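The values are calculated or read from the model by the stated rules, or taken from the named source; none is laboratory data. Fair warning: this is a prediction, and the values are worked out from it, not measured in the lab. Cβ sites come from the backbone with ideal geometry, for glycine too, and all protein chains shown count toward neighbours. Note: areas computed on protein heavy atoms with side chains; ligands, DNA, RNA excluded. Shrake-Rupley method; radii C 1.70, N 1.55, O 1.52, S 1.80 Å.
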Amino acid sequence: MSIAFALLAWLVIGFFRDPPSSWMERYIVGLLAFCFAVPVILTRGYRKTLPALDRTPRRATVTGRRGYNTDPDPESEIGPYELLTVTLDINGTAVESTIADIVAPDSLDRFTVGSIWTVYAFEDPAALNKDADRTRVILTEAHDDVIRSGYDLGFYSLHDGPGPGSDLLLRRFANDRR
């Protein structure tokens, strides 16, 4: 979107410079700005508000890994990946869940069975999926050093280049203050 704004600024400046920009220049710059802005505007709906997140840090114990996209479409850029299964205590009840963050292979070795990590849980685990086996939790900011390559919430997912920190915690949740 910043590219579109820069092109529009250049378009406005073109009216006041000496010599002024030609109509062909204005048309080309306007078309380029439009081409950059439309995909951003159309994908804003993709960044919908997620269900309410309980930001109470909870201790989760890794119990294993679960493979996803194990038979990827050859045309797809998304290869197979693993999500970590964990057990955590929510209101005195032991709950099995899955960490939504897709941990990159560089950091995956740190998540050994029995290791303990701090996570946030959703206030209503069924809000994302009606399937109890697919509930998700999110690694807290305390683990921003973990390299991630996206997230998988079941219905909502993002597969991105690897990097530290959580793209998921940057999303808007239903209980966030506006």
task = Calculate, for A37 and E96, the FRET efficiency according to 1/(1 + (r/R0)^6) with r their C-beta to C-beta distance and R0 41 Å; round to the nearest 0.05.
result = 0.40
message = Let me check I have the definition right: for region 136-178, take the eigenvalues of the Cα gyration tensor, multiply each by 5, take square roots. What are those semi-axes in whole Å, largest first?
response = 18, 14, 9
task = Would you please give the FRET efficiency between T118 and K48, computed as 1/(1 + (r/R0)^6) with r the Cβ-Cβ distance and R0 = 30 Å, to the nearest 0.05?
result = 0.70
query = Per 10 Å bin, what percent of the C-alpha pairs of region 1-41 does each bin hold, from zero upward?
reply = 34, 50, 15, 1
Packing rank of 159-171, 101-113, where each peptide gets the mean count of other beta carbons within 10 Å, highest leading = 101-113, 159-171
query = Where does each of E141, E96, E25 land when they are ordered by accessible area, with a 1.4 Å probe and the largest first?
reply = E96, E141, E25
request  = Using θ = phi - 60° and the Karplus relation 6.51 cos²θ - 1.76 cosθ + 1.60, list the HN-Hα couplings for region 161-168 in order, rounded to whole Hz, with x at every Gly or Pro.
outcome  = x, x, x, x, x, 10, 5, 5
